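Colleague: What follows is a structure written as structure tokens; I'll ask about it next.
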Amino acid sequence: MKVASFPKTSCRRLEAKAALVTGAGQGIGRAVAVRLAAEGAFVGVLDWNRETARETLEMIQSAGGLGMVLHSDVSEPSQVISCVEKIKADQGKIDLLVNNAGLDRPGGFLKLDYNSFSDVFNVHVLGAVNCVRACLPCMLNEGDGRIVNVSSIYGKVGTKGESPYCCAKAGIVGLTKSLAKEFGGKGIRVNAVMPGLTNTPTIMEMMRPKYQEAFVRETPLARMADPDEIARPVVFLLSDEASYITGAVLEVTGGWGM
Ligand SMILES: NC(=O)c1ccc[n+]([C@@H]2O[C@H](COP(=O)([O-])OP(=O)(O)OC[C@H]3O[C@@H](n4cnc5c(N)ncnc54)[C@H](O)[C@@H]3O)[C@@H](O)[C@H]2O)c1
């Protein structure tokens, strides 16, 4: 498996910050975790796959970064609370949250059963809700918190055979904007990114090459993204450089779906 290399250059914009990244065992979440650590943050590497989460932490540590593995299912509120408590016990606070964990239940709308919808909603939407609920009290106490939710360009444009996923990713946009409005006055910024096709293990396994090629043909930048190309805008939104940005939904698609 190709893993993101540790970024060579960074300005350490997130020194002394404590972060939680969900779904950080591979793909975009791993790239975000690695880049946050390179920027100086302590990173809680949350994934329900303990082994891949360990690999991410090893990548962080071997480059001199700091973090901890948090083995957990984001759809289980009590597990999420205990992860956040572990970060707070170690770092005294939590400053940054990236809701990235996700899964897909593709299929024609009439063939999908109800569980396909609830499985996807439980992870993408309620998983994000669980993490925000667990982190917000501490962020509010500090008067500073930064959250980025990973949506998808499919949450904007929809697509055939992915109705649970598209609904959930659109739901994440609603959550982002609602939280941005409700908590902006208390120092909490909440933004979302909408990636386009990104070269992650799941995409490589699940999406047939002919569909990947068709997507790339319709992409103005004429290629798919590397996970670090999604991680960099996520880190920007978490940094002070984005201090006046909240409720934004940043499309990171190489121009697809504009
Ligand atoms: N790869 C793309 O082309 C693409 C495009 C748009 C949006 N996205 C979104 O970006 C995010 C990451 O995508 P990716 O391609 O890197 O995915 P991925 O499948 O490669 O990685 C997702 C990670 O989340 C973890 N995970 C899944 N459910 C979990 C749960 N309930 N609790 C804890 N961990 C869980 C998995 O173990 C995995 O490590 C997802 O939200 C996805 O929907 C991806």
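Colleague: May I ask for the net charge around Ile81, where only other residues with Cβ less than 13 Å from the Cβ of Ile81 are counted and Lys, Arg are +1 while Asp, Glu are -1?
Modeller: On the way: positive: Lys86, Lys88, Arg133; negative: Asp73, Glu76, Glu85.
So the surrounding residues net to 0.
Colleague: Please give the contour-minus-distance gain from Ile245 to Leu110: 0.36 nm per residue of separation, less the Cα-Cα distance, rounded to one decimal in nm. Can you show the working numbers first?
Modeller: Details: separation 135, 0.36 × 135 = 48.60 nm, distance 3.98 nm.
Length gained between Ile245 and Leu110: 44.6 nm.
Colleague: Taking only Cα atoms and a 10 Å spring cutoff, compute GNM fluctuations for the chain and point out the largest among Ser75, Ser151, Ser243.
Modeller: Ser243
Colleague: Further question on the same structure: P(r) tail for the stretch 86-134, what percent of Cα pairs lie past 17 Å?
Modeller: 50 percent
Colleague: Give the relative contact order (percent, whole number) for the stretch 22-163; include only Cα pairs under 8 Å separated by 6+ residues. Mind showing how you got there, number by number?
Modeller: Numbers: 217 pairs, mean separation 32.8, N = 142.
23 percent.
Colleague: For the chain, max minus min Cα coordinate along each principal axis, in Å, sorted largest first?
Modeller: Taking max minus min along each principal axis of the Cα atoms, the chain gives 47, 37, 36 Å.
Colleague: For a footprinting-style exposure proxy, rank Tyr154, Tyr165, Tyr211, Tyr244 by other Cβ within 10 Å, fewest first. Don't skip to the answer; put the middle values down first.
Modeller: Details: Tyr154 21, Tyr165 24, Tyr211 12, Tyr244 6.
In increasing order of surrounding Cβ atoms, one gets Tyr244, Tyr211, Tyr154, Tyr165.
Colleague: Just to be sure I understand: with springs between alpha-carbon atoms less than 10 Å apart, which residue in Glu205, Glu15, Glu55 has the highest mean-square fluctuation in the Gaussian network model of the chain?
Modeller: Maximum among the listed residues: Glu205.
Colleague: Let me ask something else about it. Hey, can you rank 67-74, 122-129, 221-228 by average C-beta count inside 10 Å, highest first? Spell out each step's value before the answer.
Modeller: Numbers: 67-74: 22.0, 122-129: 23.5, 221-228: 17.1.
Result, highest mean Cβ count within 10 Å first: 122-129, 67-74, 221-228.
Colleague: Answer rounded, prolate or oblate for the stretch 108-258, using the Cα gyration tensor with square roots of eigenvalues a ≥ b ≥ c: rounded when a/c is under 1.5, else prolate when a/b is larger than b/c, else oblate. Walk me through the numbers before you get to the answer.
Modeller: On the way: a/c = 2.39, a/b = 1.44, b/c = 1.67.
Since a/c reaches 1.5 but b/c is at least a/b, the shape of the stretch 108-258 is classed as oblate.
Colleague: For the chain, set up a Gaussian network in which alpha carbons nearer than 10 Å are linked by springs, and say which option among Met59, Met194, Met207 fluctuates the most.
Modeller: Of Met59, Met194, Met207, the Gaussian network model singles out Met207 as fluctuating most.
Colleague: Based only on the alpha carbon positions, what is the Kirkwood hydrodynamic radius of the stretch 151-227, in angstrom?
Modeller: Numbers: mean 1/r = 0.0711 Å⁻¹.
14.1 Å is the Kirkwood radius here.
Values in this text are rule-based calculations from the coordinates and carry no lab data. Because the structure is predicted, anything quoted here is derived from the model rather than measured. Note that we place each Cβ from the backbone using ideal geometry, even for glycine, and neighbour counts take in every protein chain shown.
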